[in-house]
Each structure stands twice: as C-alpha cells, then as structure tokens.
Amino acid sequence: MDSASKRAHDSFPSSPHDGRTAGTARAFATEAVHAGRDDLARQGLHAPPIDLSTTYPSYDSRGEAARIDAFAATGAAPDGPPVYGRLGNPTVARFETALARLEGTGAAVAFASGMAALSAVLLARSAAGLRHVVAVRPLYGCSDHLLTAGLLGTEVTWTDPAGITDALRPDTGLVLVESPANPTLAELDLRAVAHACGSVPLLADNTFATPVLQRPAEQGARLVLHSATKYLGGHGDVLAGVVACDEEFARQLRQIRFATGGVLHPLAGYLLLRGLSTLPVRVRAASANAAELARRLAADPRVARVRYPRLGGAMVAFEVHGDPHEVISRVRLITPAVSLGSVDTLIQHPASISHRIVDAADRRGAGVSDRLLRMSVGLEDVEDLWGDLDAALGGVSGVTAPGERELTAGDGHVVSPAPAR
C-alpha cells in the first residue's frame, strides 16, 4: 500500500457523541461515508434530509429568548429545535459534524465561501484585539490580497517558515500558511511551523491536500481552512468554506457568522455532505492520474519544470518554455477555467487569473512565474488527458535539452522523473 493509501485508511477514535461504543474506531473511508449520518437508520431514513426552512415556529417565546441569550453569551449551538436559518441549520450541521470527524477536530463551522470562512477567523481575532497576522507566501491570491490590503483592519507580516517566531508580536492573533501552497505546491513542515507559533493559533489551509492526504490538526494546527468549493464538494456545483477547529474557537466563529450573515445554504450543505462520501475514492483516483501526468511532463522537452507534492494529490504545476497562453488556448478535453478539485480536469494561468490580484513582484518572489500553469487533474482516463496536453503543448517553442528539465517536489527539492508505470 502506498503512503497516500495508508493515510486514507488510518482509523479514527470514536466520538462520545456519535452513539458508538467508547474505544471503537472506524477507518477513514468508513468515516467519509457515515459521519454526519449515524442517526439516519434510527429515524427510518437512508439519505440525509434537506431542511430548507429559514425560520422555525415556537410557542415558547420565553424559552426561545433564553436560548438566543445563551448563544449570544457563549456561541454554543442551541439545544433543541432550530431557531433561525442564520443561527444554524440541521443539514449544514450534518456537514460540519462530518468534516470535523475527518479532520480530527472537535468542531467545524461552515460558511458561504472559503473567503467568508477566512474573513470570520480574522474578525474573531481582531475582536480580541489581535489584529496582527504572520503569513507565509504563497497563499491563494485572494487570501494574500485580503491580508495585504488590510481590508478587515488587520496588519500582516510576510515571512518564510524560519522567520515565523521572530515575526510574532504581542498583538499577533494568527499565523496563516497553506501547504501544499496555491499555486506552486510548495510544502511546509506543519509540525515545525506549529512549534514556531508558540501559543499563537496556526491556521493551515488544507484545500489542496484534503484530510485524505493530510490532517493539520494532528500536526499542531488549531484551525484548518477549506475552500469547500473544491475537493470537499468535488463536482464544481457548490460554493462553500469551512473551518475545522476546537469547540472554543467554533463558538467565536458561530457568533461572527450570525452577525455577518456569511451562512451556508442548506442545499450546499447537503451537496457537501454527499461529496464527502466519495472524497477518498476521488482523491486517490485523481492523484494517480496527476502523478502519471507529472512524470510525463517532466520527461517532455517542451516543459521546463514540473512541481508535484511529496504527499501526492491531484494538483500539478508546470512551467513551459514558450507562451503558456498558447497552451491554455489549445486544450479541448481539459477545461480552461479557474477553481479546482472537480471530477473533470481544469487548467489555468495563475499570474493572469488566481494570483493576478497579488503584486507582480510579490507574486514572482513567491515562485509564481509568468510561465507557470496550474492543473487540477480529474477522473478522466489518463491517456485521454495526456493526448490533450500533448496536443496543447505541440506549438510551444524554446525547448531545451532533457538534462535541463526537472521534476520538483513541493518543497523545492529536485528529484528524478519517476519511471513509466
């Protein structure tokens, strides 16, 4: 069994709230199918219900007032029936429960998008008087912009992993990293980064890896961020974000969500819960395709460099010798589009699209070159994908000798292309 498959089969301890006997454990693939659904059979249901209500009747207004007061004071999810859609929704709660189980955290709080989720974290820290953020590039372009522009009143210090401890201040409320990073696929030692943070919470964006390949909370991250639009949903038809964390921080995030209104729609919660059930299968299959395409690209004289993470995954980044826009214009099976993590393969030019909003000098300093292409590999047959890539690369000029090409692991270590399978 390869390392990615082994991680995907690791077991999880039982939760005191899921109705199982203490001490039992379930494998990751089993959790992906059953987490958030454990009560369905007892209710005579098979598929999770979708609750689309925005409000809920209550004839006990005194009791309702007490529950709302309790939420305002603590941020704890109210006991009993729902109150109002902006405070919480049963379908969304199922997804939150499931994602927390997969990431190994005590709770999770879902939002209308990944940026809404990140904004809520920043607002929660600012509300505590901790407006300073330490961050490591590269990050997703809009995350970078949100911090750099100070749109939420935060101040950011950009540093490399070795400089995190020295960058901390008394008003530092958060350290933010992404590994593998968007779009260079650079990888960080999350355990070492968490140690460098000391008592400051580490937020790790785990969108690219998903809990199938990596669970940052096990390595010391207090907060795990996902653009759930990507692999968690998995089909390009849902927009969402989620933060997996401990219950204490989740209470703060619920209060921010209630006040700002960045709630997740119940139908999106349903689609995300359904997406989790196939997450391990999709990630493993897409990762196998990506690894093979990375190998072939690394052996191609039209490609200057290939970046592929050590931990695997379905993302490949590569630099061409010629004009990357020519490649984008020539694909036919692969879709030239932003986003990632869908069942179909997508390709885009980060310097023009996802990271256009980042200052050009900062972008290039983080390794996002003007010749870099980012590809989210899907579930198509790998031969069909390679045929499309080969045709798209056909007109790219400026080739070099094979010895000048390299396959680069996410941390910058140069390795030899893998043998053909």
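The values are calculated or read from the model by the stated rules, or taken from the named source; none is laboratory data. Predicted model, so just to flag it, every value in this text is computed and none were measured. Cβ atoms come from the backbone with ideal geometry, glycine included; neighbour counts cover every protein chain shown. Areas reflect the complete protein model, heavy atoms only, side chains present, ligands, DNA and RNA absent. Shrake-Rupley method; radii C 1.70, N 1.55, O 1.52, S 1.80 Å.
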Report summary line: Only one of (1) touching a helix residue (DSSP H, G or I) at 6+ places or on another chain (Cβ under 7 Å); (2) open to solvent by 50 Å² or more (accessible area, probe 1.4 Å) does not apply to Val224, and that is (2)
Query raised in the report: How many of the residues in the range 388-421 are open to solvent by 40 Å² or more (accessible area, probe 1.4 Å) and either touching a His at 6+ places or on another chain (Cβ under 9 Å) or at pLDDT 95 or above (or both)?
Result: 5
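Between Arg42, Arg94, Arg62, which is out of contact with any strand residue (DSSP E or B) (no Cβ under 8 Å at 6 or more places or on another chain), of a type in the set (D, E, K, R), touching a residue at least 40 places away in the same chain (Cβ under 8 Å) and more than 30 Å from Asp362 (Cα to Cα)?
Working: Arg42 fails: touching a residue at least 40 places away in the same chain (Cβ under 8 Å); Arg62 fails: touching a residue at least 40 places away in the same chain (Cβ under 8 Å).
Matching residue, one of Arg42, Arg94, Arg62: Arg94.
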Query raised in the report: Only one of (1) aliphatic (A, V, I, L, M); (2) modelled with pLDDT of 90 or more; (3) in contact with a helix residue (DSSP H, G or I) (Cβ under 8 Å, 6 or more places away or on another chain) fails for Leu346. Which number is that?
Result: (3)
**Report entry** Failed item, numbered, when Ser287 is tested on (1) farther than 14 Å from Arg374 by Cα; (2) surrounded by fewer than 23 Cβ atoms within 10 Å (Cβ to Cβ)
**Finding:** (2)
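From the residues in the range 47-67 that are outside any loop (DSSP other than H, G, I, E, B) and open to solvent by 70 Å² or more (accessible area, probe 1.4 Å), which one is nearest to Arg37 (Cα to Cα)? Give the derivation first.
Our first condition is that a residue be outside any loop (DSSP other than H, G, I, E, B); within the range 47-67, this holds for 55, 61-67.
Applying the additional criterion that residues be open to solvent by 70 Å² or more (accessible area, probe 1.4 Å) yields 55, 61-62.
Working: Thr55: 23, Ser61: 31, Arg62: 32 Å.
Filtering first and then ranking leaves Thr55.
Just checking, does the range 177-190 include any residue being of a type in the set (A, V, I, L, M) and part of a strand (DSSP E or B)? Explain how you work it out, then say what you get.
Residues of the range 177-190 that are of a type in the set (A, V, I, L, M), as a first pass: 177, 181, 185-186, 188, 190.
Cutting the leftovers down to part of a strand (DSSP E or B) gives us 177.
Scanning the range 177-190, I find at least one residue that is of a type in the set (A, V, I, L, M) and part of a strand (DSSP E or B), so the answer is yes.
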Query raised in the report: Restricting to the range 288-327, what's the tally of residues that are of a type outside the set (A, V, I, L, M), closer than 23 Å to Gly341 by Cβ and in contact with a His (Cβ under 9 Å, 6 or more places away or on another chain)?
Result: 2
**Report entry** The one condition in (1) at pLDDT below 95; (2) touching an Asp or Glu at 6+ places or on another chain (Cβ under 7 Å); (3) not β-branched (Val, Ile, Thr) that Gly365 fails to fulfil
**Finding:** (2)
Query raised in the report: Among Gly44, Gly36, Gly106, Gly75, which is the only one that is in contact with a helix residue (DSSP H, G or I) (Cβ under 7 Å, 6 or more places away or on another chain) and open to solvent by 60 Å² or more (accessible area, probe 1.4 Å)?
Result: Gly106
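Please enumerate the residues belonging to the range 144-159 that are assigned to a loop (DSSP other than H, G, I, E, B), surrounded by fewer than 20 Cβ atoms within 10 Å (Cβ to Cβ) and in contact (Cβ under 8 Å) with a residue 12 or more places away in the chain.
Quick first cut of the range 144-159, residues assigned to a loop (DSSP other than H, G, I, E, B) only: 149-154, 159.
Filter once more, keeping what is surrounded by fewer than 20 Cβ atoms within 10 Å (Cβ to Cβ): 149-153, 159.
Within the range 144-159, Leu152, Gly153, Thr159 meet the criteria.
Within the range 353-375, does at least one residue satisfy the condition of being under 24 Å from Leu147 (Cα atoms), open to solvent by 60 Å² or more (accessible area, probe 1.4 Å) and of a type in the set (Lys, Arg)?
Looking only at the range 353-375, we keep the residues that are under 24 Å from Leu147 (Cα atoms), and these are 353-370, 372, 374.
After this cut, where a residue has to be open to solvent by 60 Å² or more (accessible area, probe 1.4 Å) as well, the list is 353, 356-357, 359, 361, 364-365, 370.
Retained after the next criterion (residues that are of a type in the set (Lys, Arg)): 356, 364.
Scanning the range 353-375 turns up at least one residue that is under 24 Å from Leu147 (Cα atoms), open to solvent by 60 Å² or more (accessible area, probe 1.4 Å) and of a type in the set (Lys, Arg).
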Report summary line: Counting only residues that are in a loop (DSSP other than H, G, I, E, B) and over 22 Å from Gly236 (Cα atoms), the range 357-377 contains a total of 9
Query - Count of the range 288-322 residues which are touching a Pro at 6+ places or on another chain (Cβ under 6 Å) and of a type in the set (A, V, I, L, M) - result: 3
Report task. Quick one: count up the residues across the range 170-184 that are touching a helix residue (DSSP H, G or I) at 6+ places or on another chain (Cβ under 6 Å) and open to solvent by 10 Å² or more (accessible area, probe 1.4 Å). Result -> 0
Requested in this report: Identify all residues within the range 78-101 that are surrounded by fewer than 24 Cβ atoms within 10 Å (Cβ to Cβ) and within 16 Å of Ala217 (Cβ to Cβ); write none if there are none.
Outcome: Thr97
Query raised in the report: Just one of Ala162, Ala120, Ala116, Ala124 is open to solvent by 10 Å² or more (accessible area, probe 1.4 Å), assigned to a helix (DSSP H, G or I), over 18 Å from Tyr231 (Cα atoms) and modelled with pLDDT of 95 or more; which is it?
Result: Ala162
